[in-house]
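The structure appears below as structure tokens.
The values are calculated or read from the model by the stated rules, or taken from the named source; none is laboratory data. Bear in mind the structure is a predicted one, so any value in this text is a computation, not a measurement. When we count neighbours, we look across all protein chains shown, and the Cβ atoms used for this are built from the backbone with ideal geometry, even at glycine.
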Amino acid sequence: MKMQSGVDLMTVKDISEYIAFDGSDSGIERTMRQVRHWTQCDLLRTASMKNTGKGIPRLYEEEPTMWIAAILQELTLYGATVDILKPVADELYDHWDNEAGMYLWSAQTDINAFLQVTWTLDPKTGKFCDANIHMFDDMDKKAGENLLDEHPSSSVVVNMSMVSERIYNTPTIILEEANEVDHD
């Protein structure tokens, strides 16, 4: 589906089918609930009304929503809750037109792209209050730049190239094409 501006739109189900770790019907349903929850908590931004009502699909811009949802899904593997994910989503949306877009697109090539996520702690409460993202790829390594942000005591590094392969099923497509050639 496209908006009048030509932007590709996706539904909750479309996004869930791409990012679900479990591609079964129940896995996709579980992921759909997660995407709806993230939307209600303002982690994902809609292109249409957030509260659409029954029978009216929520619509999302494909880019950057699918990438941000895939990153959030990846971070949930580490037990990240909505409170912890919210600043990450905000940072990714803020960086999309600048740094993030470039690295997320390079993740779809043969260049490895990475996202390092660190959270800032509120010194009074000890709770997460902000997130910092640092992106880098193989091209940065060749330029001699420091790849990891070494200042935090801990962080999570996400290999965006592997996330891209998972959501786009790249290796499967390549294997299927190779098998077709071998059998001909």
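Residue selection: T65 fails the criterion of being in a helix (DSSP H, G or I), at pLDDT 95 or above and of a type in the set (S, T, Y).
Of all residues in the stretch 131-142 being modelled with pLDDT of 80 or more and not hydrophobic (A, V, I, L, M, F, W, C), which is nearest to K86 (Cα to Cα)? The residue in question is N132.
Inside the stretch 113-130, residues that are at pLDDT 85 or above and buried (at least 16 other Cβ atoms within 10 Å of the Cβ) make up a count of 7. Residues in the stretch 149-165: is at least one modelled with pLDDT under 85, over 30 Å from S16 (Cα atoms), in contact with a His (Cβ under 9 Å, 6 or more places away or on another chain) and not aromatic (F, W, Y)? Checked the stretch 149-165: at least one residue is modelled with pLDDT under 85, over 30 Å from S16 (Cα atoms), in contact with a His (Cβ under 9 Å, 6 or more places away or on another chain) and not aromatic (F, W, Y). On the basis of being modelled with pLDDT of 80 or more, more than 21 Å from I84 (Cβ to Cβ) and surrounded by fewer than 15 Cβ atoms within 10 Å (Cβ to Cβ), does E145 make the cut? So E145 does not fit the description; no.
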